[in-house]
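Asks: Quick one: structure below, then a few questions.
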Amino acid sequence: MTERRYLEVTVGTNIILVLDHRTVEVFDRTAASTSEVCRWHVEHIGVKAKPTKSGLKLTIGNRLADDSIAVAGARASLTVPPDEEAAVIAFFDAVKATRS
């Protein structure tokens, strides 16, 4: 049986990213960055990152076969401040490592 992993990382003061075994969830206290409940299986999550002047802009959603992110379905967009980028990158590296 696969080891159960649990990780949390906070982005700013409003967002918490959670890896709970093989599920990733985005909790946003303001709900300003999400269009609906944001929860993905590690096999289905896609993340695109783009550096900006204010930090790393992330788009998170359903990963398609070509590694693009589906327009339909749950999506989250957020900007990670520069001082939190390393922790968020490590979080998503752990998510990838959890895939089959």
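The values are calculated or read from the model by the stated rules, or taken from the named source; none is laboratory data. Not measured: the values here are computed from a predicted model. Positions of Cβ are backbone-derived with ideal geometry, glycine not excepted, and every protein chain shown enters the neighbour counts. Side chains are part of the model used for accessible areas, which takes the heavy atoms of the whole protein and leaves out ligands, DNA and RNA. Shrake-Rupley method; radii C 1.70, N 1.55, O 1.52, S 1.80 Å.
Asks: In the list ALA49, ALA86, ALA76, which residue meets the criterion of being over 11 Å from the mean Cα position of the chain (by Cα) and not charged (D, E, K, R)?
Replies: ALA86
Asks: Which residues, taken from region 3-15, are open to solvent by 40 Å² or more (accessible area, probe 1.4 Å) and in a strand (DSSP E or B)?
Replies: TYR6, LEU7, GLU8, THR10
Asks: Here is a follow-up. Can you name every one of the strands (runs of 3 or more DSSP E) wholly within region 16-94 that holds 1 or more residues which are hydrophobic (A, V, I, L, M, F, W, C) and either open to solvent by 30 Å² or more (accessible area, probe 1.4 Å) or closer than 19 Å to ARG4 by Cβ (or both)?
Replies: So the answer is 23-28, 38-41, 45-52.
Asks: Here's another thing I want to ask about it. Residues that are on the phi > 0 side of the Ramachandran plot and of a type outside the set (S, T, N, Q): does region 82-98 have at least one?
Replies: No, there is no match, as no residue in region 82-98 is on the phi > 0 side of the Ramachandran plot and of a type outside the set (S, T, N, Q).
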